[in-house]
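The values are calculated or read from the model by the stated rules, or taken from the named source; none is laboratory data. A quick note: this is a predicted structure, and the numbers were derived from the prediction, not measured. Neighbour counts are summed over all protein chains in view; Cβ atoms, including those assigned to glycine, are modelled from backbone coordinates with ideal geometry.
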Amino acid sequence: MNIKKSAMVGKAINRLMETEEATGEQLAIDFNVSPQLISHIKNERRTMQADIAQESIALYDNPEYTMDILYEFSSKFTSPVLRGRFVEQHRMTLEAYAKKEIEEALERIQNVCLAKPPSMIDENERLGVRSMMDELIEARIHIDNLLKQLQKEYKISIMDRIKALLPTWKVKGWIE
């Protein structure tokens, strides 16, 4: 994976301005850049630099914006915001999608054996692992979109929840 030094994020900026009811001038002040630069980024005539993106995420605890920025800067490694025409942006719909994808991933985990060393598996077993990974990725995308919607509707910050959970994860030995 490649973390980009800059990315085209005009759509993300436009959505941020709409949801936060902010002007280009206000974003320029918040990001400590010129209004012209915001205009160029917004209209996709210029890329946003990584340092500005990092600052903007810290300033605006907006889950859609954060997901959009991370998705673009991570070369699409992180979860996208699901905005397709068949995805309703409602917590109960996203919950149903997440449940379905989690169940499919769990079923795939049950059916794939990881006991053999990777160097000893045949092509069919490799396809099974790949299929399991696909289901896990799809579950992750739907979980991330459900979390995004929960933050939007319940005003509970994902970042605040992560910060609150970090000490527990350290105690459990999950992170250093």
I need the full set of residues from segment 16-44 which are in contact (Cβ under 8 Å) with a residue 12 or more places away in the chain, in a helix (DSSP H, G or I) and under 23 Å from Val81 (Cβ atoms), in order please. Leu16, Met17, Thr19, Glu20, Gly24, Leu27, Asp30, Phe31, Ile38, Ile41, Lys42
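Going by the conditions given, is Lys100 within 30 Å of Arg130 (Cβ to Cβ) and out of contact with any Phe, Trp or Tyr (no Cβ under 7 Å at 6 or more places or on another chain)? Let's see the steps before the verdict.
Numbers: within 30 Å of Arg130 (Cβ to Cβ): yes; out of contact with any Phe, Trp or Tyr (no Cβ under 7 Å at 6 or more places or on another chain): yes.
Taking the combined requirement at face value, the residue satisfies it.
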Of Glu123, Glu135, the only residue that is touching a Lys or Arg at 6+ places or on another chain (Cβ under 8 Å), of a type outside the set (A, V, I, L, M, F, W, C) and either modelled with pLDDT under 95 or over 20 Å from Arg15 (Cα atoms) (or both) is Glu135
Residue check for Thr47: at pLDDT 95 or above and more than 19 Å from the chain's Cα centre (by Cα): yes
Every residue from segment 60-94 that is aliphatic (A, V, I, L, M) and either touching a residue at least 60 places away in the same chain (Cβ under 8 Å) or surrounded by 14 or more Cβ atoms within 10 Å (Cβ to Cβ) (or both): Met67, Ile69, Leu70, Val81, Leu82, Val87, Leu94
